[in-house]
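The values are calculated or read from the model by the stated rules, or taken from the named source; none is laboratory data. Everything numeric here is computed off the predicted structure, so don't read it as measured data. To get the accessible areas, we keep the full protein, side chains included, count just its heavy atoms, and leave off ligands, DNA and RNA. Shrake-Rupley method; radii C 1.70, N 1.55, O 1.52, S 1.80 Å.
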Amino acid sequence: MTKNLKTVSILALLCLAPVAGQAYDQEVYRSAAIGTRWLSIPASARVASLAGAYTARGGEPGALESNPAALAGTHNLQAIFTHNSWIQGMQVERLVGAWEVENLGSFAVGVDYLSLGEVERIEISSSGVPVSTGSLHPNAMAFAGSWGKIYGTLALGATLRGISENQISGSDTGFEADLGAHRTIGKNWRVGAALKNLTVDFSGALRPIDLRAGGGYTFHGKHPLALDLNLDYQPQDREPPDWRVGAEWAATKQVILRGGYVLAGNDRAPGGPTVGLGWLNGFLELDYALYGAGELGFSHLVTLRILSLGE
């Protein structure tokens, strides 16, 4: 028998504390479905600093985690890399490349990697004594392809994602899809919605579907200010939705200040304030975010974005 309290607690956190005793929930949150949970860990410093309130934003390949329609409007060739030093020693890495194809829209490919660190494996011997039998390195990877295109004031997008997990209970693979849209209204208003974690394989795993919707308003001028409010609802949790609010202000041509807050729908979901800073220098953008995870503290994200290669 293997006992591993650290890994169990981490996986429980990734599952956002499912309701015990409900067979349906236990199926949703089993190892094969954890991929959709850890992919909800912020993978872009810009999005994280705005508390994930990014469903109605566009032209940003790093925002694919919020809404695949955000890819629409991405010009020429771009690349982003994010390092997320998350809680309990976990790390999440993301690499995304995006490019524009005339008349067809924008496309992106990406890879995400989750490391749960090194965990000691303890087994109970025949005499009932705990014995160390080495170490484990649980991890997960996701490979994704995305498309987005603008049709007048409406943008549509889709993502197909393959997941591979190497957990204590064994290895699992699967596929899922995201669909999204956002629309601009006049010069200032925008709205967006996304349906995430749709099962598209035959594994029988139940994916925790995520519904996201939001709106925002931008004050244009010498120092633009963008405000966004989002709702994040996972119906299989049987819990109230999370509310996310974010603000982004261009203090100078090179420095962008960001902040936000996650109002969790229940006391087991991570919530709290977020802050961030962006620095632009020609074709480079460097973003930093301090992201709250409730009582567990804060995680640090750094994203390097290479803008408009080939111009």
Tell me the accessible surface of ASP287 in square angstrom (1.4 angstrom probe, heavy atoms of protein chains only), to the nearest ten. 10
With all protein chains present, calculate the accessible area of TRP243 using a 1.4 Å probe and round the result to the nearest 10 Å². 110
Excluding ligands and nucleic acids, what accessible area in Å² is computed for ILE185 using a 1.4 Å probe, to the nearest 10? 90
In 10 Å bins starting at zero, report the fraction of Cα pairs in the stretch 148-237 per bin as a rounded %. 15, 34, 28, 16, 7, 1
